Amino acid sequence: MTAVSEPGRERARRTPVQATLADQVNGTASLDAAATEAWRTYNDGTTKPLLKVALPYELARRSAAFHEAGHAVVAAAYGAHIKVTGVIDVPAEGVEWSLTGRTEFDGPPIPFWRFAAQCAAGERAQARYLKSARLWSAESEAACAHHDDFEYTAAWFENAGHVLTRDEDLPDDAPSGMSWTTACRMADLMLSMLWPQVEAVAAGIDARGLLTGDQAAELAGATNPPPYTGDTD
């Protein structure tokens with residue numbers, strides 16, 4: 001999803017707390033033009049649609065930061081090496097502001113249900129933040145689910161010989177798999193155990209925009225797992 005402004009919304013400056021968090025890590029991640037353009041697209045290469053949100057810039061950015069932090073923290077807990085995570089502004093014609101997020105990681109093979117949970121952790125973290133901030137509504141619920149996380153997971157499942165359904169039981173002829181509803185429940189369980197780390201990483205993203213995996217791990221008080229080399233020993 002690319003979140004865009006409603007008319008008349010303005011940016012907000014960083015709060016002192018955000019500025020302090022931003023100073024806790026050295027340097028910052030950066031994207032070249034090609035990488036920035038890639039963040040405008042879904043995993044299948046199609047351009048992300050513009051989705052209006054009834055939130056001011058600072059709250060839309062913060063909720064997106066929680067989405068990416070959810071992905072990053074849960075993926076790292078499962079052993080994935082986080083390359084970069086964050087939220088960036090993406091100029092779009094005819095709107096005051098627009099933004100999008102992404103988390104890039106690699107890691108050793110994991111059980112398919114764990115892969116699904118880390119993919120679902122983004123929308124579940126975003127929903128948890130919005131509910132805690134009393135910003136939950138039918139519109140925000142739709143915005144949380146307006147990502148390609150389900151489609152990306154379903155494609156990964158299919159490639160690995162599994163089936164992912166949205167919320168129904170598996171077909172009788174399905175060899176193995178699960179529903180997205182179950183993946184979300186697993187993600188909720190992980191987030192309940194890791195929420196302080198998610199909050200810390202989200203605050204860092206909110207303050208800085210982009211974090212390297214090492215920076216995200218530092219804010220979470222953890223270690224970024226090493227890059228996956230393909231070795232099984």
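The values are calculated or read from the model by the stated rules, or taken from the named source; none is laboratory data. Keep in mind the model is a prediction, meaning the values are calculated, not measured. Positions of Cβ are generated from backbone atoms using ideal geometry, with glycine treated the same way; all protein chains shown enter the neighbour counts. What goes into the accessible areas is simple: the full protein's heavy atoms, side chains included, and nothing from ligands, DNA or RNA. Shrake-Rupley method; radii C 1.70, N 1.55, O 1.52, S 1.80 Å.
So, taking all protein chains as they sit and a 1.4 Å probe, how much accessible area belongs to T41, in Å² rounded to tens?
30 Å²
Could you state the per residue volume, in Å³, of the convex hull enclosing the Cα atoms of region 107-233?
Value for region 107-233: 133 Å³ per residue.
Alpha carbon centre of region 122-143 versus region 192-233: separation in Å?
Between the Cα centres of region 122-143 and region 192-233 lies a distance of 22 Å.
In region 148-189, which chymotrypsin sites (Phe, Trp or Tyr not before Pro) fall in coil by DSSP and have 14 or fewer other Cβ atoms within 10 Å?
Passing both the DSSP loop test and the Cβ count: no residue.
Leaving ligands, DNA and RNA out of it, work out the accessible area of D214 with a 1.4 Å probe and give it in Å² to the nearest 10.
Roughly 100 Å² of D214 is accessible to a 1.4 Å probe.
Classify region 191-233 as rounded, prolate or oblate, taking a ≥ b ≥ c as the square roots of the eigenvalues of its Cα gyration tensor: rounded when a/c is under 1.5, otherwise prolate if a/b is larger than b/c and oblate if not.
It is oblate, given that a/c is not under 1.5 and a/b is not larger than b/c.
Among T182, N224, A155, flag the residue with its Cα farthest along the positive direction of the charge dipole of region 125-233, charges on Cβ as +1 for Lys/Arg and -1 for Asp/Glu.
N224
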